[in-house]
Amino acid sequence: MTTVETKGTTPAATAPAKKRRPRGREERGPLASIALHATLLLAGAIAVLPPLWLLVTSFKPQSEAFSTDLVKDFTFGNYEHVLNDTEFPNWLLNSLIVVGLTTVIGVFISATTGYAVSRFKFPGMRPLMWLLLITQMFPVAVLIVPLYNLLASLGLLNQPVGLVVTYLTIAVPFCAWMMKGYFDTIPVEIDEAGRVDGLNPFGTFWRLIVPLAKPGLAVTGFYSFITGWAEVAYASAFMTGEENLTLAGGLQTFVNQYTSDWGSLTASAVIVAVPAAVIFGFAQRHLVSGLTAGATKS
(Lines give C-alpha, C1' and ligand atoms only; values in the text may rest on other atoms or scores of the structure.)
Protein backbone atom coordinates (compact mmCIF):
# COMPACT_ATOMS: atom_id res chain seq x y z
CA MET A 1 0.00 0.00 0.00
CA THR A 2 1.46 3.29 -1.08
CA THR A 3 1.10 6.60 0.61
CA VAL A 4 -0.21 9.40 -1.56
CA GLU A 5 1.41 12.73 -0.86
CA THR A 6 -0.24 15.90 -1.89
CA LYS A 7 2.04 18.04 -3.98
CA GLY A 8 3.25 21.13 -2.20
CA THR A 9 1.85 20.07 1.19
CA THR A 10 4.24 20.54 4.09
CA PRO A 11 3.81 20.06 7.82
CA ALA A 12 3.99 23.82 8.28
CA ALA A 13 1.15 24.32 5.79
CA THR A 14 -1.12 21.80 7.50
CA ALA A 15 -0.50 23.20 11.02
CA PRO A 16 -3.32 25.29 12.46
CA ALA A 17 -2.76 28.99 11.92
CA LYS A 18 -2.04 31.06 15.00
CA LYS A 19 -4.53 33.72 15.85
CA ARG A 20 -3.07 37.11 15.25
CA ARG A 21 -3.64 39.75 17.86
CA PRO A 22 -5.13 42.96 16.42
CA ARG A 23 -2.59 45.67 15.89
CA GLY A 24 -2.43 48.19 18.71
CA ARG A 25 -4.02 45.81 21.24
CA GLU A 26 -1.75 44.21 23.78
CA GLU A 27 -2.87 41.98 26.61
CA ARG A 28 -2.43 43.63 29.99
CA GLY A 29 -0.88 41.78 32.83
CA PRO A 30 -2.60 41.42 36.22
CA LEU A 31 -0.59 44.23 37.79
CA ALA A 32 -1.35 46.57 34.88
CA SER A 33 -5.08 45.80 35.12
CA ILE A 34 -5.08 46.40 38.88
CA ALA A 35 -3.23 49.70 38.43
CA LEU A 36 -5.63 50.81 35.68
CA HIS A 37 -8.76 50.03 37.68
CA ALA A 38 -7.31 51.63 40.81
CA THR A 39 -6.54 54.79 38.84
CA LEU A 40 -10.06 54.88 37.37
CA LEU A 41 -11.63 54.39 40.82
CA LEU A 42 -9.46 57.16 42.26
CA ALA A 43 -10.32 59.53 39.40
CA GLY A 44 -14.02 58.71 39.79
CA ALA A 45 -13.87 59.37 43.54
CA ILE A 46 -12.10 62.70 42.99
CA ALA A 47 -14.75 63.73 40.44
CA VAL A 48 -17.77 62.64 42.51
CA LEU A 49 -16.66 63.72 46.00
CA PRO A 50 -16.98 67.56 45.63
CA PRO A 51 -20.57 67.60 44.28
CA LEU A 52 -21.57 64.84 46.71
CA TRP A 53 -20.17 66.80 49.67
CA LEU A 54 -21.92 69.92 48.37
CA LEU A 55 -25.21 68.03 48.36
CA VAL A 56 -24.63 66.66 51.87
CA THR A 57 -23.71 70.08 53.25
CA SER A 58 -26.87 71.64 51.84
CA PHE A 59 -28.94 69.47 54.21
CA LYS A 60 -26.89 70.36 57.30
CA PRO A 61 -27.68 73.15 59.76
CA GLN A 62 -25.46 76.21 59.55
CA SER A 63 -23.62 75.16 62.72
CA GLU A 64 -22.53 71.86 61.13
CA ALA A 65 -21.43 73.24 57.77
CA PHE A 66 -17.76 72.46 58.41
CA SER A 67 -18.36 69.16 60.16
CA THR A 68 -16.77 66.13 58.50
CA ASP A 69 -19.61 63.90 59.69
CA LEU A 70 -22.53 62.97 57.52
CA VAL A 71 -25.86 64.64 58.14
CA LYS A 72 -26.88 64.33 61.79
CA ASP A 73 -29.76 66.81 61.89
CA PHE A 74 -31.29 66.52 58.43
CA THR A 75 -33.03 69.76 57.47
CA PHE A 76 -34.54 71.56 54.48
CA GLY A 77 -34.05 74.87 56.23
CA ASN A 78 -31.33 76.03 53.85
CA TYR A 79 -33.59 75.52 50.83
CA GLU A 80 -36.54 77.20 52.52
CA HIS A 81 -34.39 80.19 53.47
CA VAL A 82 -32.99 80.52 49.95
CA LEU A 83 -36.37 80.31 48.23
CA ASN A 84 -38.38 82.41 50.68
CA ASP A 85 -36.04 84.90 52.36
CA THR A 86 -33.56 85.88 49.63
CA GLU A 87 -33.59 87.28 46.11
CA PHE A 88 -32.84 83.83 44.68
CA PRO A 89 -36.15 83.50 42.74
CA ASN A 90 -35.49 86.87 41.14
CA TRP A 91 -31.93 85.83 40.26
CA LEU A 92 -33.27 82.62 38.77
CA LEU A 93 -35.75 84.53 36.61
CA ASN A 94 -33.03 86.91 35.41
CA SER A 95 -30.77 83.98 34.53
CA LEU A 96 -33.52 82.16 32.65
CA ILE A 97 -34.23 85.27 30.56
CA VAL A 98 -30.56 85.88 29.77
CA VAL A 99 -29.73 82.25 29.10
CA GLY A 100 -32.86 81.66 27.03
CA LEU A 101 -32.12 84.62 24.75
CA THR A 102 -28.43 83.66 24.54
CA THR A 103 -29.26 80.10 23.55
CA VAL A 104 -31.88 80.92 20.92
CA ILE A 105 -29.97 83.79 19.31
CA GLY A 106 -26.63 81.99 19.60
CA VAL A 107 -27.90 78.85 17.87
CA PHE A 108 -29.52 80.85 15.06
CA ILE A 109 -26.49 83.06 14.37
CA SER A 110 -24.00 80.19 14.67
CA ALA A 111 -26.01 77.90 12.40
CA THR A 112 -26.61 80.48 9.68
CA THR A 113 -22.99 81.70 9.81
CA GLY A 114 -21.61 78.16 9.67
CA TYR A 115 -23.90 77.25 6.77
CA ALA A 116 -23.03 80.38 4.80
CA VAL A 117 -19.29 79.82 5.19
CA SER A 118 -19.62 76.11 4.39
CA ARG A 119 -21.71 76.50 1.24
CA PHE A 120 -21.00 79.92 -0.29
CA LYS A 121 -17.95 81.80 -1.47
CA PHE A 122 -18.12 85.53 -0.86
CA PRO A 123 -15.68 88.42 -0.40
CA GLY A 124 -14.29 88.55 3.12
CA MET A 125 -15.14 84.93 3.95
CA ARG A 126 -11.62 84.00 5.02
CA PRO A 127 -11.07 87.18 7.11
CA LEU A 128 -14.43 86.52 8.77
CA MET A 129 -13.40 83.03 9.86
CA TRP A 130 -10.03 84.31 11.06
CA LEU A 131 -11.82 87.03 13.02
CA LEU A 132 -14.05 84.47 14.71
CA LEU A 133 -10.99 82.43 15.62
CA ILE A 134 -8.94 85.37 16.89
CA THR A 135 -11.73 86.55 19.20
CA GLN A 136 -11.33 83.30 21.14
CA MET A 137 -7.72 84.14 22.01
CA PHE A 138 -8.48 87.10 24.28
CA PRO A 139 -8.98 86.31 27.98
CA VAL A 140 -12.10 87.56 29.72
CA ALA A 141 -10.10 89.87 32.02
CA VAL A 142 -8.80 91.82 29.03
CA LEU A 143 -12.27 92.32 27.54
CA ILE A 144 -14.15 93.41 30.66
CA VAL A 145 -13.06 97.07 30.54
CA PRO A 146 -13.73 97.74 26.82
CA LEU A 147 -17.04 95.86 26.97
CA TYR A 148 -18.02 97.80 30.10
CA ASN A 149 -17.30 101.12 28.38
CA LEU A 150 -19.20 100.00 25.27
CA LEU A 151 -22.25 98.89 27.24
CA ALA A 152 -22.17 102.08 29.32
CA SER A 153 -22.15 104.23 26.18
CA LEU A 154 -25.13 102.28 24.82
CA GLY A 155 -27.04 102.38 28.11
CA LEU A 156 -27.04 98.59 28.46
CA LEU A 157 -25.49 98.24 31.92
CA ASN A 158 -27.80 96.44 34.38
CA GLN A 159 -29.86 95.33 31.39
CA PRO A 160 -30.38 91.66 30.40
CA VAL A 161 -29.85 92.61 26.75
CA GLY A 162 -26.34 93.88 27.50
CA LEU A 163 -25.42 90.61 29.22
CA VAL A 164 -26.88 88.62 26.31
CA VAL A 165 -24.68 90.54 23.85
CA THR A 166 -21.54 89.84 25.86
CA TYR A 167 -22.37 86.14 26.12
CA LEU A 168 -22.93 85.95 22.39
CA THR A 169 -19.40 87.26 21.87
CA ILE A 170 -18.22 84.12 23.69
CA ALA A 171 -20.57 81.51 22.27
CA VAL A 172 -21.02 82.50 18.62
CA PRO A 173 -17.39 82.37 17.36
CA PHE A 174 -16.74 78.87 18.71
CA CYS A 175 -20.15 77.52 17.68
CA ALA A 176 -19.91 79.02 14.18
CA TRP A 177 -16.61 77.22 13.59
CA MET A 178 -18.11 73.98 14.91
CA MET A 179 -21.25 74.27 12.79
CA LYS A 180 -19.15 75.02 9.71
CA GLY A 181 -17.32 71.73 10.22
CA TYR A 182 -20.61 69.91 10.73
CA PHE A 183 -22.23 71.35 7.60
CA ASP A 184 -19.16 70.29 5.61
CA THR A 185 -20.10 66.66 6.35
CA ILE A 186 -23.58 67.06 4.82
CA PRO A 187 -23.51 66.33 1.06
CA VAL A 188 -23.88 69.36 -1.19
CA GLU A 189 -26.21 67.32 -3.41
CA ILE A 190 -28.98 67.90 -0.85
CA ASP A 191 -28.71 71.66 -1.43
CA GLU A 192 -28.75 71.13 -5.19
CA ALA A 193 -31.88 68.97 -4.91
CA GLY A 194 -33.56 71.73 -2.92
CA ARG A 195 -32.75 74.32 -5.57
CA VAL A 196 -34.12 72.02 -8.26
CA ASP A 197 -37.37 71.85 -6.30
CA GLY A 198 -37.55 75.65 -6.27
CA LEU A 199 -36.32 76.42 -2.75
CA ASN A 200 -34.31 79.55 -2.12
CA PRO A 201 -31.07 79.29 -0.07
CA PHE A 202 -32.79 79.96 3.25
CA GLY A 203 -35.59 77.54 2.42
CA THR A 204 -33.01 74.88 1.60
CA PHE A 205 -31.21 75.56 4.86
CA TRP A 206 -34.35 75.57 7.01
CA ARG A 207 -36.28 72.69 5.46
CA LEU A 208 -33.52 70.31 4.36
CA ILE A 209 -30.28 71.03 6.22
CA VAL A 210 -31.52 71.92 9.71
CA PRO A 211 -33.27 68.54 10.25
CA LEU A 212 -30.02 66.78 9.34
CA ALA A 213 -27.95 69.00 11.64
CA LYS A 214 -29.72 68.20 14.91
CA PRO A 215 -26.58 66.79 16.63
CA GLY A 216 -24.57 69.91 15.80
CA LEU A 217 -27.43 72.18 16.84
CA ALA A 218 -27.76 70.28 20.13
CA VAL A 219 -24.10 70.88 20.94
CA THR A 220 -24.39 74.53 19.95
CA GLY A 221 -27.44 74.99 22.15
CA PHE A 222 -25.80 73.23 25.08
CA TYR A 223 -22.61 75.30 24.79
CA SER A 224 -24.60 78.54 24.53
CA PHE A 225 -26.68 77.54 27.55
CA ILE A 226 -23.65 76.70 29.69
CA THR A 227 -21.93 79.93 28.60
CA GLY A 228 -24.74 82.02 30.06
CA TRP A 229 -25.60 79.76 33.00
CA ALA A 230 -22.13 79.34 34.49
CA GLU A 231 -20.38 82.62 33.56
CA VAL A 232 -19.37 84.76 36.55
CA ALA A 233 -16.99 87.56 35.47
CA TYR A 234 -19.30 89.44 33.08
CA ALA A 235 -22.36 88.87 35.28
CA SER A 236 -20.58 90.40 38.28
CA ALA A 237 -19.10 93.35 36.36
CA PHE A 238 -22.10 94.40 34.25
CA MET A 239 -24.99 93.75 36.67
CA THR A 240 -25.23 95.53 40.02
CA GLY A 241 -27.96 95.71 42.62
CA GLU A 242 -29.50 92.54 44.07
CA GLU A 243 -32.63 92.84 41.94
CA ASN A 244 -30.57 92.86 38.71
CA LEU A 245 -28.16 90.02 39.50
CA THR A 246 -28.18 86.65 37.80
CA LEU A 247 -27.49 83.41 39.64
CA ALA A 248 -23.75 83.61 39.03
CA GLY A 249 -23.53 87.01 40.65
CA GLY A 250 -26.16 86.40 43.31
CA LEU A 251 -24.52 83.30 44.79
CA GLN A 252 -21.45 85.37 45.62
CA THR A 253 -23.46 87.44 48.09
CA PHE A 254 -23.86 84.46 50.43
CA VAL A 255 -20.12 84.13 51.08
CA ASN A 256 -18.03 87.30 50.96
CA GLN A 257 -15.85 89.38 53.24
CA TYR A 258 -18.84 90.29 55.42
CA THR A 259 -20.90 87.09 55.63
CA SER A 260 -20.35 83.33 55.36
CA ASP A 261 -23.70 81.64 54.83
CA TRP A 262 -22.44 78.28 53.58
CA GLY A 263 -25.78 76.57 54.01
CA SER A 264 -27.52 78.98 51.65
CA LEU A 265 -24.64 78.82 49.19
CA THR A 266 -24.64 75.02 48.99
CA ALA A 267 -28.43 74.83 48.72
CA SER A 268 -28.40 77.43 45.94
CA ALA A 269 -25.61 75.59 44.12
CA VAL A 270 -27.64 72.37 44.16
CA ILE A 271 -30.69 74.13 42.75
CA VAL A 272 -28.59 75.81 40.07
CA ALA A 273 -27.12 72.45 39.01
CA VAL A 274 -30.54 70.91 38.31
CA PRO A 275 -31.38 72.81 35.07
CA ALA A 276 -27.88 72.20 33.71
CA ALA A 277 -28.22 68.47 34.42
CA VAL A 278 -31.63 68.37 32.72
CA ILE A 279 -30.34 70.15 29.61
CA PHE A 280 -27.33 67.84 29.51
CA GLY A 281 -29.65 64.82 29.76
CA PHE A 282 -31.57 65.95 26.68
CA ALA A 283 -28.46 66.86 24.68
CA GLN A 284 -26.01 64.13 25.75
CA ARG A 285 -26.96 61.63 23.02
CA HIS A 286 -26.01 64.23 20.39
CA LEU A 287 -22.87 65.59 22.07
CA VAL A 288 -20.30 63.05 20.82
CA SER A 289 -21.57 62.95 17.22
CA GLY A 290 -21.93 66.73 17.12
CA LEU A 291 -18.46 67.45 18.49
CA THR A 292 -16.66 64.93 16.26
CA ALA A 293 -18.65 65.48 13.06
CA GLY A 294 -16.18 68.01 11.67
CA ALA A 295 -13.16 65.76 12.19
CA THR A 296 -13.62 63.94 8.86
CA LYS A 297 -15.33 64.77 5.62
CA SER A 298 -17.32 62.30 3.58
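The values are calculated or read from the model by the stated rules, or taken from the named source; none is laboratory data. No experiment lies behind these values; they were computed from the predicted model shown. Note: ideal-geometry Cβ built from the backbone for every residue, glycine included; neighbour counts use all protein chains shown. Just so you know, the surface numbers come from the protein's heavy atoms only, side chains and all, with ligands and any DNA or RNA stripped out. Shrake-Rupley method; radii C 1.70, N 1.55, O 1.52, S 1.80 Å.
Mind ordering 145-153, 266-274, 204-212, 121-129 by average Cβ neighbours within 10 Å, highest first?
266-274, 204-212, 145-153, 121-129
When the dipole is taken about the Cα centre of the chain, and only Lys, Arg (+1) and Asp, Glu (-1) are charged at their Cβ, what size is it in debye, to the nearest 20?
That gives a dipole near 1920 debye.
In the chain, what percent of the accessible surface is made up of carbon and sulfur (1.4 Å probe, ligands and nucleic acids excluded)?
Percent of accessible area from carbon and sulfur atoms in the chain: 67.
Quick check for you: with a 1.4 Å probe and neighbouring chains kept, what is the accessible area per residue of the chain, in Å²?
Per-residue accessible area for the chain comes out at 63 Å².
Can you give the relative contact order of the chain as a percent, counting alpha carbon pairs under 8 Å and 6+ residues apart?
Value for the chain: 27 percent.
Around ASN90, what is the net charge, scoring Lys/Arg as +1 and Asp/Glu as -1 over all other residues with Cβ under 11 Å from its Cβ?
For residues surrounding ASN90, the net value is -3.
Tilt of helix 160-184 relative to the longest C-alpha principal axis of the chain, in degrees (0 to 90, nearest 10)?
Approximately 10 degrees, to the nearest ten.
List every residue whose amide H lies under 5 Å from the amide H of VAL255, counting only residues 5 or more places away in sequence or on a different chain, with H placed 1.01 Å from N in the peptide plane.
Long-range HN contacts for VAL255: ASP261.
Going by average Cβ density within 10 Å per residue, which order do the peptides 62-68, 156-162 take, highest to lowest?
Order by mean packing, descending: 156-162, 62-68.
Report, in degrees rounded to the nearest 10, the 0 to 90 angle that the Cα long axis of helix 125-134 makes with the longest principal axis of the chain.
Between the helix axis and the principal axis of the chain, the angle is about 70 degrees.
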